[in-house]
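Reviewing the structure listed below.
The values are calculated or read from the model by the stated rules, or taken from the named source; none is laboratory data. Just so it is clear, the structure is predicted and the values come from calculations on it, not from any experiment. As a convention, Cβ positions derive from the backbone with ideal geometry for all residues, glycine included, and neighbour counts pool all protein chains shown. Areas reflect the complete protein model, heavy atoms only, side chains present, ligands, DNA and RNA absent. Shrake-Rupley method; radii C 1.70, N 1.55, O 1.52, S 1.80 Å.
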Amino acid sequence: MRDAIDKLDELRPLMLGMNVPDERYPKYLPINTILSMLFFELRAADAKDSEVLELVRDFETIRVFYGPVVLRGEGLHPDYTGKFEKLRSTEPMMPIFSPEKGMLSGYAHSGSRESGAGHILANLMWGDVNFSGFAFDLLALLNGTFRPGFGSSFHGFDFGGV
């Protein structure tokens, strides 16, 4: 996670300004650039490093940030994908982190820290609907229709026969 954050931070100079319309040789990334992280696997040996959640919680960028997403968790059902999210709370939150399984427990979140008028934390949730959500969000990102905080589609979600 630290290496991925460092890599995205290398783009920071390219986000400090805006190009004039129709710039022939742009200097900056477009204002609608969305940054993301995709990991293929979370191994059990790495799952107990709770600092990862704090790194996600504390990562700030000038552009919209999507993810990170983890396609597989060692020992978890093969259909499960992990999705990290940054959340806000009006109250301080203590971490939820299994000492046995760490971030492979199904759900984990960092402790919160003060940020603006509230508190911010990061969570990691595993589920079989996270991959379809990621896939439809990725399509929306490519089509320019992605809206942070809104679901891109409900296809692939099982609502239990509702």
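Accessible surface calculations at 1.4 Å, restricted to protein heavy atoms, place the chain at 64 Å² per residue.
The listed residues Ser132, Ser105, once ranked by accessible area (1.4 Å probe) with the largest placed first, stand as Ser105, Ser132.
Could you please state how large a percent of the accessible area of the chain is carbon and sulfur, counting protein chains only and using a 1.4 Å probe?
Working: 5900 of 10410 Å².
Using a 1.4 Å probe with all protein chains present, the chain comes out at 57 percent carbon and sulfur.
Work out the charge dipole of region 1-63 with +1 on the Cβ of Lys and Arg and -1 on the Cβ of Asp and Glu about the Cα centre, then indicate which of Ile31, Val52, Ile5 is farthest towards its positive end. My answer, from the dipole projection, is Ile31. Where only DSSP H runs of four or more residues are counted, the chain gives -5500 deg cm²/dmol as its mean residue ellipticity at 222 nm, each run worth -39500 (n - 2.57). Taking only C-alpha pairs under 8 Å that are 6+ residues apart, what is the relative contact order of region 15-162 in percent? Reported relative contact order: 20 percent. Which pairs in the list Lys27/Lys83; Lys48/Lys83; Lys7/Lys86 are over 26 Å apart, alpha-carbon to alpha-carbon? The pairs that break the limit, which is 26 Å between Cα atoms, are Lys27/Lys83.
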